[in-house]
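Heads up: the structure comes next, in structure tokens.
The values are calculated or read from the model by the stated rules, or taken from the named source; none is laboratory data. Being a predicted model, the structure only gives us computed values, none of them experimental. Don't worry about glycine lacking a Cβ; one is built from the backbone with ideal geometry, like all the others, and counts go over all protein chains shown. Only protein heavy atoms, including side chains, enter the accessible area calculation; ligands, DNA and RNA are left aside. Shrake-Rupley method; radii C 1.70, N 1.55, O 1.52, S 1.80 Å.
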Amino acid sequence: MTLAPQATARAADLYLDLMKRVLPNTIYRDAPIPNPIQPVHDYDSSRRATGQDWPSVAHTMVGRLRLDNVQECITTVIGDGIPGDLVETGVWRGGTVIFMRAVLRAFGVTDRSVWAVDSFEGMPVTGEDGHDLDRQIPWHMANHVMAISLEQVQANFEAYGLLDDQVRFLKGWFADTLPTAPIERIAVLRLDGDLYASTMDALTNLYHKVSPGGFVIIDDYHLHTCKEAVHDFRAARSVTEPMEQIDQDAVFWRLPATA
């Protein structure tokens, strides 16, 4: 029996809705890891939905609203025929880039890859020559939470049945890997690097690869380190497309359809 197009679309919607419940673990509701910014100890559904805690078990900390945004951006570039791969810089346990691969699977897209770009060693130590703002936030002190190995992220993909040849990994510090990254064209670029340097490295080396009509998503825009890097880059490159708010933390914009 062949499913009608409406039934196929409904099945895709149901699959992706379930993924958006499982990846942030709103089903089993794991307790968050207390941290200096949010020293909470109990599961809070509203905080999890908006990515305001550090889950102890869940594969993503971005929350439902940001996953909805990822899906909307991907389905838009698919529907509009915008060429390029899907890239996330800073993947933690891999949940959001796993979801990117799930969207491609749901819609039967086989001619795009998803790229998981990360040090897989946590956050870098900002040296004396680093940006002043980055030195004020010692994110590397949280590497007991942030440092997730490449092997663990690959295992997380495998757990969802989504580790295949459409998934690419780029391991190393952004400053070292991104200038020569073998990524040719990008349809959706999602940045989750927290620091000024990490954000600027990603924008400087990847933005020109984003196709006209593609999307750029900034997960950490609420952090002054990230916000200043975004503003500096946009000013230097005369990027004027308006940024749209996703939730209290994240923003995105779409490049003009014609360059």
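Before moving on, here are some points about what is shown:
- Comparing Cα centroids, the range 23-83 and the range 158-225 end up 18 angstrom apart.
- Taking trypsin sites (Lys or Arg not before Pro) as exposed when DSSP calls them loop and at most 16 other C-beta atoms lie within 10 angstrom, the chain has its longest site-free stretch at 30-184.
- Principal axes of the range 73-120: Cα extent on each, largest first, Å: 32, 18, 17
- Values of log10 I(q)/I(0), in the order q = 0.13, 0.16 Å⁻¹, for the range 1-103 under a Debye, Cα-only, solvent-free model: -0.52, -0.73
- Carbon and sulfur %, accessible surface of the range 131-259 computed with the full protein complex present, 1.4 Å: 52
- Normalised by 2.2 N^0.38 Å, where N is the number of residues, the alpha-carbon radius of gyration of the range 93-168 equals 1.38.
- Volume per residue of the convex hull around the Cα atoms, evaluated for the chain, comes out as 130 Å³.
- Computed lengthening from Glu228 to Arg185, 0.36 nm per intervening residue step minus Cα-Cα distance: 12.9 nm
- Compactness of the range 191-235 was expressed as the Cα radius of gyration divided by 2.2 N^0.38 Å, which yields 1.06.
- Note on the chain: antiparallel DSSP beta bridges, both residues inside, total approximately 25 percent of the bridges counted.
- Linear extension gain, Gln136 paired with Arg47, 0.36 nm per residue minus alpha-carbon span: 29.5 nm
- Set of aspartates and glutamates with alpha-carbon distance to Lys227 below 16 Å, sequence-local pairs under 8 removed: Asp132, Asp134, Asp192, Asp194, Asp201, Asp219, Glu241, Glu244, Asp247, Asp249
- Extending 7 Å from Cα along the Cβ direction at Glu244 and again at Asn143 yields two label points whose distance is 3.8 nm.
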